[in-house]
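**Student:** Take a look at the following structure, please.
The numbers here are math on the coordinates, done by the rules we state, and not lab data. Owing to the predicted nature of the structure, the values given are computational and were not obtained by experimental measurement. Positions of Cβ are generated from backbone atoms using ideal geometry, with glycine treated the same way; all protein chains shown enter the neighbour counts.
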Amino acid sequence: MNQQQLKNLLEDMSLEEKIGQLLQLSNSFYEDEAVLTGPAMQLGIGEKQINEAGSVLSVFGAEQIKSIQETAMKKQPHHIPLLFMADIINGYKTIFPIPLAQGCSFQPELVKKCASVSATEAAVSGLHVTFSPMVDLVRDARWGRVMESTGEDTYLNGLMSEAMVEGYQGDRSGEKLDQFGHISACIKHFAAYGAPEAGREYNNVELSERTLREDYLPAYKKGIDAGSAMVMTSFNTLDHIPATGNKWLMQDILRGEMGFEGVLISDWAAIEELVSHGIAEDRKEAARLAMEAGVDMDMVTGCYINHLQELVENGQLKEQQIDEAVMRILELKNQLGLFENPYKDADDNKAAELCLCEEHRRLARKAAADTMVLLKNENDILPIQETAGKIAVIGPYGEEGRLYGAWSLQGTDADTVTIKEGIEEAGYDNDQIVFYAGSSLLDEDEKLYGFKGLVKQYRERSNEDLLQEAVHAAKGADTVVMALGEHAYHSGEGGSRADITIPECQMHLLREIAKVNQNIITIVFAGRPLDLREIADCSKAVLYAWFPGSEGGSAIADLLFGMQSPSAKLSMTMPYSVGQVPVYYGGYTSGRPFNGNRTNRFQAVYQDIPNEPLYPFGYGLTYTSFSYSKPELDQQVMSMEDELHVSVTVTNTGKRTGTETVQLYLRDLKGSTVRPTRRLKGFERITLEPGEEKQVTFKITEDMLRFYDIHMDYVSEPGEFALFIGGDSATQNEIRFELQSQK
Ligand code: NOJ
């Protein structure tokens, strides 16, 4: 349709019909036979309103979506097609590593490819929109949703946000949405959902405007600039105002400053929750507040559908506001080409051909190998050599299929390569390798609720039994590979935890194994950074696998036996203990920074633990080592218009080819507001043969030095800056330069 046709359509619609477009119904309206007595009654709506709804959430499968579309269009007065949306977070059928792991790749190109494959599989399965990427910056490992973020760094998150949007949508303008295999992205959760107090899900957010602007907003902005057709509001409050009813945030910042012109959807029931937050008397007031804030679409509540008409009729809202929201939704449908082809790419045959096809699995395997972080590798125990002798793979994750995390709604154990299968497939399976569970995944008394209720533990044998045979196997083995971790549902939405360790039964297993065999390589599965101290102490090597997805087991075999070398770097700080969180690299010095001498009590230091995390942001080993030369500058002083170049030479000092992510951090040594001790400003991945060296050069321009100054202006201030270049955020490889004031 052209713009005029869209306008004509809008003009022809009744107010009631227009409001229908703003309603998003859940799958229960289409899967349940007793719709009118169940879901519809809950929402307080009838058949007419169901027929006029504008979009649907979480229906899966091309045939089902086509049939719902066909029926819905017949019933909708203007035959307007529905939008089908779902959470395709790290893959549709082919599951990629969780987003936090994807962040560790430091490869936006790879992340873009994963998003593009996810989009293709979702599109042929009938979907039009994914509720991804989640670009919330995260600093608190207690919060289970850190798994869905790409980490704690503003710059890295921004690149990943852009990459994912382009991967889903096909290009930056959103103009290719109607083409095969493209779906709309939805940047979420606007804003600052990643900073809930105490890491507790849905909790309030207390954040200064400066930190919000400087650290949190840029990744949303990057995704918007990349053309994301949708944005989702967050559940949390910010400055005591729930985001979904926050006019300043949505109108002034999102639409005004950031220039977002697409569709703004509430998070699940977030409009209605304005009542529980205590800023709306009832659903009607909630509807008014959300509409005034500029929220176009109401995800699964009856607020808009039941109250907007009355609010317009009694003059509390203008019809113009409704029209603008509806127009944005119609435009999105039009961009997707739905008026011409309401089924878009939905095709069961194509889905069967493309989902989990060889090529997609190959990408998933590479992504998994490139996102697992090698945290420790004493005596080069990894990769396992042919001469390593007998290997015992011990732990509940050895034969576990649930390697795809909490958010992979279409992932199945059967479609996932387990560690055992990966090792077998790679041909390492012989009488030298044995597998024992050693313990259950969850503690006996733990009642864990997943997205679909209680997680049932199937136990044929007691933990004691399992332990005995595993200890016996470990005694007879030369090397032990422990496969341990959290359950997938320990993280994800609703997955906040105060204790960020793995279940006690698994720790007990590790301790018992460590008593009889010291050659332990531990693979850890998790949706968050864990307190790893004891695991690291008991192990010669630690490979952090996160939740690696469909090809997790093959990628682990690739890394264990050296077919691939690890290259990932932490996208989120691994805390020393939960007492440190929220913890992140490059914090602030305080007026009394710790000087390393604990005899002075009055310093910014814990009495009982170090200030430093166990492993810093950006950290990750590989099977070789690198040395860095001192950074060199092409000029010591730069003007506002200058480009300055800083270089280092990186040498592979080990015996194997390896990939290093060379990272550039910057510190503003004095500012009109207190500046962080460092921030990532660039990185480059290089691969070097043994003995090979390479010069890496970064360009510094004035815009990289800007921040929100004392007047809240985004500017740079003349003075001295420090640059750090190294293999992680703790590097002390430093050089300084000066920014001159303008003459
Ligand atoms: C709630 C989550 O916060 C959001 O991220 C998700 O997209 C919606 N539910 C829809 O499932």
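**Student:** Please list, ordered by chain and number, the residues whose modelled amide H lies under 5 Å from the amide H of S571; skip anything fewer than 5 residues away on the same chain.
**Tutor:** Amide H neighbours of S571: C104, G618.
**Student:** Spelling out what I want: for every residue of the stretch 537-545, take phi, set θ = phi - 60°, compute 6.51 cos²θ - 1.76 cosθ + 1.60 (Karplus), and round to whole Hz; glycine and proline get x.
**Tutor:** 5, 7, 10, 7, 10, 10, 10, 8, 8
**Student:** So which lysines pass the test for K318, namely a Cα distance under 26 Å, with those fewer than 8 places away in the same chain ruled out?
**Tutor:** Qualifying lysines at Cα under 26 Å: K7, K18, K48, K247, K284, K333.
**Student:** From the phi angles alone, apply the Karplus equation (6.51, -1.76, 1.60; θ = phi - 60°) to the stretch 550-563 and give each ³J(HN,Hα) in whole Hz, x where the residue is Gly or Pro.
**Tutor:** With coefficients 6.51, -1.76 and 1.60, one gets 4, 10, x, x, 5, 5, 5, 4, 4, 6, 4, 9, x, 5 Hz.
**Student:** May I ask for the net charge around P342, where only other residues with Cβ less than 10 Å from the Cβ of P342 are counted and Lys, Arg are +1 while Asp, Glu are -1?
**Tutor:** +1
**Student:** Also, I was wondering about something else. Which whole-number percent is the relative contact order of the chain (Cα, under 8 Å, 6+ apart)?
**Tutor:** Relative contact order, the chain: 13 percent.
**Student:** Distance from the Cα centre of the stretch 377-445 to that of the stretch 3-30, in angstrom?
**Tutor:** Answer, in whole Å: 50.
**Student:** Between rounded, prolate and oblate, where does the stretch 643-743 land on the alpha carbon gyration tensor, with a ≥ b ≥ c its root eigenvalues, rounded for a/c under 1.5, else prolate if a/b exceeds b/c?
**Tutor:** Prolate.
**Student:** Could you tell me the center-to-center distance, by alpha carbons, between the stretch 667-693 and the stretch 52-100 in angstrom?
**Tutor:** First find each Cα centre; the distance between them is then 43 Å.
**Student:** Which peptide among 175-186, 483-494, 443-454 comes first, and what is the full order, when sorted by highest mean count of other Cβ atoms within 10 Å?
**Tutor:** The most tightly packed comes first, giving 483-494, 175-186, 443-454.
**Student:** Could you order peptides 592-598, 84-90, 580-586 by the average number of other Cβ atoms within 10 Å of their residues, highest first?
**Tutor:** Ranked by mean Cβ neighbours within 10 Å, highest first: 84-90, 580-586, 592-598.
**Student:** Treating cross-link reach as a plain straight distance, find the lysines whose alpha-carbon is under 21 Å from the alpha-carbon of K390, omitting any fewer than eight places away in the same chain.
**Tutor:** The qualifying lysines are K420, K475, K515, K540.
**Student:** How much net charge surrounds L669 when only the other residues with a Cβ under 9 Å from the Cβ of L669 are counted, with Lys and Arg +1 and Asp and Glu -1? Working shown, then result.
**Tutor:** Working: positive: R667, K670, R675, R736; negative: D668, E720.
Neighbour charge sum, excluding L669 itself: +2.
**Student:** Could you tell me the relative contact order of the stretch 540-684? Use alpha-carbon pairs under 8 Å, at least six residues apart, and round to a whole percent.
**Tutor:** 23 percent.
**Student:** I would also like to ask the following. What is the stretch 86-228's relative contact order, in percent, from Cα pairs under 8 angstrom and six or more apart in sequence?
**Tutor:** On the way: 297 pairs, mean separation 42.3, N = 143.
RCO, the stretch 86-228: 30 percent.
**Student:** How would you rank 127-136, 293-302, highest first, on the average number of other Cβ atoms within 10 Å across their residues?
**Tutor:** Per-residue Cβ counts within 10 Å, averaged per peptide and sorted highest first, yield 127-136, 293-302.
**Student:** Using θ = phi - 60° and the Karplus form 6.51 cos²θ - 1.76 cosθ + 1.60, what ³J(HN,Hα) does each residue of the stretch 413-428 get, whole Hz, x for Gly and Pro?
**Tutor:** 4, 5, 8, 10, 7, 7, 4, 4, 5, x, 5, 4, 4, 6, x, 8
**Student:** Moving on to the next point. Near K670, which aspartates and glutamates are there with a Cα under 15 Å away, not counting those fewer than 8 places off in the same chain?
**Tutor:** D709, E717, E720, E738
**Student:** From the Cα gyration tensor of the chain, with a ≥ b ≥ c the square roots of its eigenvalues, which class applies: rounded if a/c is under 1.5, or else prolate if a/b is larger than b/c, or else oblate?
**Tutor:** Note, shape of the chain comes out oblate.
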